[in-house]
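The values are calculated or read from the model by the stated rules, or taken from the named source; none is laboratory data. Keep in mind that what you see is a predicted model, and the values were worked out from it rather than measured. Heads up, the Cβs are rebuilt from the backbone with ideal geometry, glycines too, and the neighbour counts pull from every protein chain shown. Each accessible area value is taken on the protein alone, full model and side chains, heavy atoms only, with ligands, DNA and RNA left out. Shrake-Rupley method; radii C 1.70, N 1.55, O 1.52, S 1.80 Å.
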Amino acid sequence: MLQIQNLHASVQGNEILKGINLEIKPGEVHAIMGPNGSGKSTLASVLAGRNDYEVGTGSVRYMGKDLLDMDIETRSREGIFLAFQYPVEIPGVSNTNFMKACVSAHRKHLGLEALKPNEFLKMIREKAALVDLDPKFLHRSVNEGFSGGEKKRNEIFQMAMLNPKLAIMDETDSGLDIDALKVVARGVNALRNSDNAFLVITHYQRLLEYIVPDYVHVLYNGRMVKTGGKELALELEEKGYDWIKEPQTAV
Amino acid sequence: MDLLPENYKELLLHYIDNWTACHTAPAYLQNLRAQAKGAIQGLSFPTRKMEEWKYTTLDRAIGHQPLPPDPLTGIDPDWLEQYALPGLEATRLVCINGEILYHDPLPKGVRLERLEQWPSHLPEPVPQPHDIFEQIHTALLSSHWVLGVAPGVSVEKPIHCINLIDNRLKNVLCQHGLLMQFGAGAQCNLLETQHCLGKHSALNNSLMQLQLAPNSVVGHVQIQQGHAYQSTVQRTHVYQAGGSTYSNYLFSLSGQIIRNNLHLSLQGEHTEANLYGLYLAKDHTHIDNHTLVDHQVPNCQSNQLYKGVLAGNATGVFNGKIYVRPQAQKTNAYQQNRNLLLSEKATMNTKPQLEIWADDVKCSHGCTIGQLDEGQLFYLQARGIGPEASKAMMVYAFASEIVEKVKNAQVRDYLLGIIANQLNFSID
Ligand SMILES: Nc1ncnc2c1ncn2[C@@H]1O[C@H](COP(=O)(O)OP(=O)(O)OP(=O)(O)O)[C@@H](O)[C@H]1O
Ligand SMILES: [Mg+2]
């Protein structure tokens, strides 16, 4: 589904990603861990198409196509979803209207008929219920005045609405209380199937108890330095990152 | 051929003579007209050297030598339907080229008369310096129309003033105007819209005066729309007595040059004034809003929020004056002007002008001129919305903050429809 090869990216002349290799197959859950500033969000942003970053050498293929060649909106419509580490507030745009615009853009791109208003309403209610999002948030402006946890929950709600093929979750667990964490995990697990994949960026192995990963990667100073199974997360929680220095080949 | 302002003035004075000769009026108005004509001789059209017109020139609007239109008589109420707002139940009042030619039956407690037939004497507004446009307005006025709401009356349906400009046959200069008087404790909502009937250039020189008696509550929505050769110079003077609340919602959505002067005198204690403005300008449109909130007595409150979106080669001006007179202690006055520039060539001049002579007051002001936020655009695009649609969505959101202030749902829907249409934006 996703093949990243030797990906380099820099911002304002500083190289942040220094040769990332990663392959994700349908049905898999990959976790990325790593110290602050190691480049996790940068990787997520580059995949989503943010153009503050200059992508140097390297390639990213997604569903057989050159991802780096696609517009931001096309990536989304083709199934890439980024749950932001810091979701953006958009005053004046209600969550419902926002989702209406997103869903209709996606459906149009996929050659599907537009949803009838009642079908859309049904869908939005179902997905809100899936992530325990109080319907009053649907009428509020996107993320405006939401608490940190509410914003994260809103990201997962949007993810459920758009049903992505590849979901990239950037620290969706930070700022969540334990109940909210379970709700998020429930949402993810409900969406999970053999055709889609998740890339979960986190600092805590706690989330990975609920969303069990197939692989855990360590990103350190712009490189994937270690890859293992879910037990690697536990090990990192105990020992920290000091013992990992040298790069290894990622799966 | 385009005219220079001096030549235009000469042409106009000559025309005023001819026009006056064939438009009879009561003696009082004949006197006023003659005085106004005399004043015009000593005044000049605004130039950029005048402080109040530093950023706005009307040369483009008067260069096509607009003159008063021919009189138009008799209209078919059915024909008016096209100018009604969808779903809005209102008492319509139709003004063509400044003359009221039709109105729906007036609700109880509402009166509409020519000034000479008005039963009681109107209180004299506080005198103020009249500029050339106000003098032209008076010199070419066919009659003063007065709209009054009796004390204690709550007018349920809004009064919709449809201002039509007949520019089908030639370039026209129109004098729209209304004197309005709201009795003590009266409540009323007003809506003004304007439309051109033709394609010739038009200059709408409008003058509205509102007098609010103690404890009256008036909501006043003004919607300005026009084609690329239609300009507007509009003055709205509001005199507020104690305990009254006046809320103005001014939407300047299209046109060639629009200059608005909104002047509020807070003359009685515990009055409240709200001024909301939204202007959308693209291509070569120029929109200039001058507001003046004059706090003359203690314990009053004014809130002001003007927002603008400028695209293409459009230019905008905001000048917001707040006067707090020495005796106006305990004044609360707020002013905000926020602007979005959508192109490199669009410009905006904004100038808050607070003059405070009292010491125990709360006043604040702020202005911003910015572009769309990249982070927000990325967020929308990352959810699959295309770049143009993302921009439109954000501009729409920016603009709708002002629309949301309007209390009437049909008026809001109408405005949102126009704005969405201009942005080429739809939710579905
Ligand atoms: N726009 C930018 N301008 C300058 N530096 C940037 C920019 N974006 C990222 N960086 C730098 O790149 C490095 C990697 O940042 P990134 O956000 O990818 O880290 P991260 O691994 O997600 O960290 P965290 O765990 O704290 O979220 C940091 O040193 C950061 O300061
Ligand atoms: Mg990060």
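Only lysine pairs 8 or more places apart or on separate chains count here, and in region B:8-268 those with Cα atoms under 19 Å apart total 5. Comparing B:156, B:374, B:344 in a Gaussian network model of chain B (Cα springs below 10 Å), the most mobile by mean-square fluctuation is B:374.
Per residue of B:384-391, how many C-beta atoms from partner chains lie within 10 Å of its own C-beta, taken as a mean?
On the way: counts 20, 10, 8, 3, 0, 4, 5, 0.
Averaged over the peptide's residues, the number is 6.
What shape does region A:45-177 have by the C-alpha gyration tensor, where a ≥ b ≥ c are the square roots of the eigenvalues, rounded means a/c under 1.5, and otherwise prolate means a/b greater than b/c and oblate the rest? Oblate, because a/c is 1.5 or more while a/b does not exceed b/c. Taking Cα atoms only, the orientation of helix A:148-162 departs from the longest principal axis of chain A by about 80 degrees. Loop-located chymotrypsin sites (Phe, Trp or Tyr not before Pro) across region A:174-251 with a Cβ neighbour count of 11 or fewer within 10 Å are A:243, with loop assigned by DSSP. Classify chain B as rounded, prolate or oblate, taking a ≥ b ≥ c as the square roots of the eigenvalues of its Cα gyration tensor: rounded when a/c is under 1.5, otherwise prolate if a/b is larger than b/c and oblate if not. It is rounded, given that a/c, with a ≥ b ≥ c, falls under 1.5. In straight-distance terms, cross-link reach from residue A:151 covers every one of the aspartates and glutamates whose alpha-carbon lies under 17 Å from its own, apart from those fewer than eight places away in the same chain; here that gives A:89, A:132, A:134, A:170, A:171, A:173, A:177, A:179.
Helices of chain B meeting both criteria, an alpha-carbon length of 15 angstrom or more along the long axis and an average Kyte-Doolittle score not below -0.5, with helices taken as full DSSP H segments, are B:27-42, B:387-403, B:409-423. Taking B:343, B:216, B:154 and ordering them by how much accessible surface each has at a 1.4 Å probe, largest first, produces B:154, B:343, B:216. A Gaussian network model of chain A, with springs between Cα atoms under 10 Å, assigns the largest mean-square fluctuation among A:233, A:101, A:83 to A:101.
Summing Lys and Arg as +1 and Asp and Glu as -1 over all other residues whose Cβ lies under 10 Å from the Cβ of residue A:67 gives a net charge of 0. Comparing B:387, B:298, B:46 in a Gaussian network model of chain B where C-alpha atoms under 10 Å apart are linked, the largest mean-square fluctuation is found at B:387. Using the Cα gyration tensor of chain A, with a ≥ b ≥ c the square roots of its eigenvalues, what is the shape: rounded (a/c below 1.5), prolate (a/b larger than b/c) or oblate (neither)? Taking the square roots of the gyration eigenvalues as a ≥ b ≥ c, chain A is prolate.
Its alpha carbons give the protein assembly as shown an Rg and a Dmax of 31.2, 100 Å. Cross-link partners of residue A:116 among aspartates and glutamates, defined as those whose alpha carbon lies under 12 angstrom from its own and excluding same-chain residues fewer than eight positions apart: B:428. With both residues required to sit in the protein assembly as shown, DSSP beta bridges show an antiparallel share near 20%. A dipole drawn for region B:174-319 from +1 and -1 charges on Cβ atoms has a positive end, and of B:239, B:304, B:177 the residue lying farthest that way is B:177. Accessible area per residue (1.4 Å probe, heavy atoms of protein chains only) ranks A:100, A:239 as A:239, A:100, with the largest value leading. Counting charges near residue B:46 (Lys, Arg +1; Asp, Glu -1) among other residues having Cβ under 15 Å from its Cβ returns a value of 0.
Nearest 5 percent is fine: what portion of the DSSP beta bridges confined to region B:8-268 is antiparallel?
Values: 9 of 74 bridges.
Bridges in region B:8-268 are about 10 percent antiparallel.
Taking all protein chains as shown and a probe of 1.4 angstrom, residue B:345 keeps an accessible surface of around 140 Å².
What pairs from A:25/A:230; A:100/B:307; A:18/A:239; A:40/A:127 go past 19 Å between their alpha carbons?
Working: A:25/A:230 17 Å; A:100/B:307 26 Å; A:18/A:239 25 Å; A:40/A:127 28 Å.
Distance filter (> 19 Å) returns A:100/B:307; A:18/A:239; A:40/A:127.
Counting only aspartates and glutamates at least 8 places from residue B:321 when in the same chain, those with an alpha carbon closer than 17 Å to its own are B:51, B:52, B:272, B:288, B:294, B:355.
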